[in-house]
Amino acid sequence: MSRLTIDKGLCILCGKCVEACPFDALELKDQVVVNENCRLCGICVKVCPVSALVIERGLSKTVDFDSYKDILVFAEQRGGRLSSVVLELIGKGRELADKLHQKLAVVIPGTNTESLVEKIKQYPVDTIYVYDHPELAYYRAETYTAVLEDLVKEVKPGILLVGATQVGRSLAPRLATRLKTGLTADCTILDVKPNGDLIQTRPAFGGNVMAQIITPKHRPQMATVRPKVMAPSALNTTYPTTVVLQEVKPTMLSSGISFLSIEPKPQETAITEAEVIIAVGRGLKKADDLILIESLAKELGGMVAVTRPLVEAGWCSYTKQIGLSGRTVRPKLIIACGISGAIQFVAGMSSSDVIFAINKDPDAPIFGVAHYGLIGDFYEILPALVNELKSSANL
Ligand SMILES: Cc1cc2nc3c(=O)[nH]c(=O)nc-3n(C[C@H](O)[C@H](O)[C@H](O)COP(=O)(O)OP(=O)(O)OC[C@H]3O[C@@H](n4cnc5c(N)ncnc54)[C@H](O)[C@@H]3O)c2cc1C
């Protein structure tokens, strides 16, 4: 933890630091006072003619740990629709809260939030904090950060969980900087020690090791979690939930971004939502052969997905890539054709209910994660399978 200190003995109250501060973090009273806007940018230190200001770096454990408890989940919504990762965070948050004998809260920034509140009330959440204002209808980094900062400073959660979505990846680092705390991105496993330390596990070094990270000196402990990595919470419609309407202060709404219009992108079903996936890898000889994979996907009502080499070859959109640098999927069935099973691919699909692998190489690592395996050439197996499915459909 770092902080700005002012030596009153040296300070000549010239006000140069106050004028120079771009964040209005300094006030000239009978002495210079630092407020919570300070970002430790150091401009005031540079302009002070008598070197009265100093940034003290690396102060340890200035946080009163006992005042931070409970788990808080950020409820991301877009146009009033709750992001699916929120239910996954509620599931994990409930588990962690129960282990620590603490409470689970959810914060919703948005507008016309009634249906969102009703939806979240169907899950085992202790408290829902609502910031409802038309200016919060859509995510803007400044406004949402201000809202979350306000709540964290008020309720002091020990743990704050955010989805590793586009919004979450923008919000969480900004908020962590504002709160001067640590953030672990893209966690795949979360657990807690009895003392409340969050054990945050995530792949590191290209997925070759699983790093365990803790935040021992700061609070709240912040983590983002990719969608589909964790199981969604079970419904609990009788769980007693308190709803707290929070005041939206005008200062929270200041933003350099204004919405001129919202243009929805053409809707494409994401592979993360598919219940059946036919995935193909470098065993595919040419882009045109994807038709073989598509024909099986069509018979099974599934979607086609690929490994990274096929995206790099320009044969398929990056939105279809499964893995560490692609999407994480959790379908009921995934058929992996001509895929070796590199750790970076497996990281994105190992939680699938049923994994079926087809590979020519009996030693391919994919057989280590597959529930069922066929050693053979998928160019021969898939047409036979498609014919079989077609003829059984005609029976
Ligand atoms: C930082 C980092 C991030 C990465 N992120 C990702 C990621 O998100 N997703 C990803 O997929 N990769 C990712 N990779 C790449 C990853 O390491 C592998 O290189 C990649 O997954 C291999 O893809 P593949 O299985 O299609 O190809 P290969 O490893 O070449 O395997 C091809 C397989 O096809 C089999 N085969 C060939 N022909 C046939 C046939 N006719 N019938 C049956 N089997 C056949 C072969 O026996 C072989 O096992 C990443 C790498 C790094 C370093």
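The values are calculated or read from the model by the stated rules, or taken from the named source; none is laboratory data. None of the values given here were measured: they were computed from a predicted structure. Note: ideal-geometry Cβ built from the backbone for every residue, glycine included; neighbour counts use all protein chains shown. Note: accessible area is taken over every heavy atom of the protein model, side chains too, but ligands, DNA and RNA are not part of it. Shrake-Rupley method; radii C 1.70, N 1.55, O 1.52, S 1.80 Å.
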If you take the residues of the range 364-395 that are among the hydrophobic types (A, V, I, L, M, F, W, C) and touching a Gly at 6+ places or on another chain (Cβ under 7 Å), which of them is farthest from Ser350 (Cα to Cα)? Phe378
From the list Thr238, Thr177, which one is farther than 29 Å from Ser67 by Cα, of a type outside the set (D, E, K, R) and open to solvent by 70 Å² or more (accessible area, probe 1.4 Å)? Thr238
Could you give me the residue pairs with C-beta distances under 6 Å whose first residue belongs to the range 357-368 and is in the same structural domain as Ala347 (by TED's automatic domain parsing) and more than 7 Å from the ligand (Cβ to nearest atom), whose second residue is open to solvent by less than 80 Å² (accessible area, probe 1.4 Å) and in a helix (DSSP H, G or I) wherever it lies, and which are 6+ apart or on separate chains? Ala357/Ile366; Ala357/Phe367
Could you look through the range 102-127, keep only residues that are open to solvent by 20 Å² or more (accessible area, probe 1.4 Å), assigned to a helix (DSSP H, G or I) and of a type outside the set (Gly, Ala, Ser), and pick out the one that is nearest to Ser233 (Cα to Cα)? Lys119
Being open to solvent by less than 60 Å² (accessible area, probe 1.4 Å) and farther than 18 Å from Arg282 by Cβ is the requirement here; does Val369 meet it? no
Taking only the range 311-324 into account, find how many residues are near the ligand (Cβ under 9 Å from one of its atoms) and touching a strand residue (DSSP E or B) at 6+ places or on another chain (Cβ under 7 Å). 4
For the range 31-47, does any single residue satisfy the condition of being at pLDDT 95 or above and among the small types (Gly, Ala, Ser)? no
Taking the range 337-346 and the residues there that are open to solvent by less than 50 Å² (accessible area, probe 1.4 Å), in contact with a Gly (Cβ under 7 Å, 6 or more places away or on another chain) and more than 6 Å from the ligand (Cβ to nearest atom), the one that is nearest to Phe205 (Cα to Cα) would be Gly341
Pick from the range 20-36, criterion open to solvent by 40 Å² or more (accessible area, probe 1.4 Å) and in contact with a Leu (Cβ under 9 Å, 6 or more places away or on another chain), ranking: farthest from Leu53 (Cα to Cα): Asp30
For the range 49-68, check the following and say yes or no: at least one residue is under 29 Å from the mean Cα position of the chain (by Cα), at pLDDT 95 or above and either within 30 Å of Lys228 (Cα to Cα) or not aromatic (Phe, Trp, Tyr) (or both). yes
Does Val130 satisfy being in contact with a helix residue (DSSP H, G or I) (Cβ under 9 Å, 6 or more places away or on another chain) and part of a helix (DSSP H, G or I)? no
Inside the range 287-306, the number of residues satisfying the requirement of being within 16 Å of the ligand (Cβ to nearest atom), in contact (Cβ under 8 Å) with a residue 12 or more places away in the chain and charged (D, E, K, R) is 1
Residues of the range 72-101 that turn out to be hydrophobic (A, V, I, L, M, F, W, C), assigned to a helix (DSSP H, G or I) and closer than 20 Å to Val229 by Cβ, as a count: 7
Is at least one residue of the range 57-74 surrounded by 11 or more Cβ atoms within 10 Å (Cβ to Cβ), in contact (Cβ under 8 Å) with a residue 24 or more places away in the chain, of a type in the set (A, V, I, L, M) and more than 28 Å from Leu160 (Cβ to Cβ)? no
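When residues of the range 136-146 are filtered for being open to solvent by less than 10 Å² (accessible area, probe 1.4 Å) and either small (Gly, Ala, Ser) or under 18 Å from the mean Cα position of the chain (by Cα) (or both), how many remain? Spell out how you get there, then give the answer.
So in the range 136-146, the residues open to solvent by less than 10 Å² (accessible area, probe 1.4 Å) come out as 136, 143-145.
Okay, now just the ones that are also either small (Gly, Ala, Ser) or under 18 Å from the mean Cα position of the chain (by Cα) (or both), so 144-145.
The qualifying residues number 2.
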For residues that are of a type in the set (Gly, Ala, Ser) and either within 13 Å of the ligand (Cβ to nearest atom) or surrounded by fewer than 21 Cβ atoms within 10 Å (Cβ to Cβ) (or both), scanning just the range 270-286, find the one that is farthest from Leu389 (Cα to Cα). Ala270
A careful count of residues in the range 369-395 that are within 9 Å of the ligand (Cβ to nearest atom) and without any contact (Cβ under 8 Å) to a residue 12 or more places away in the chain gives 1
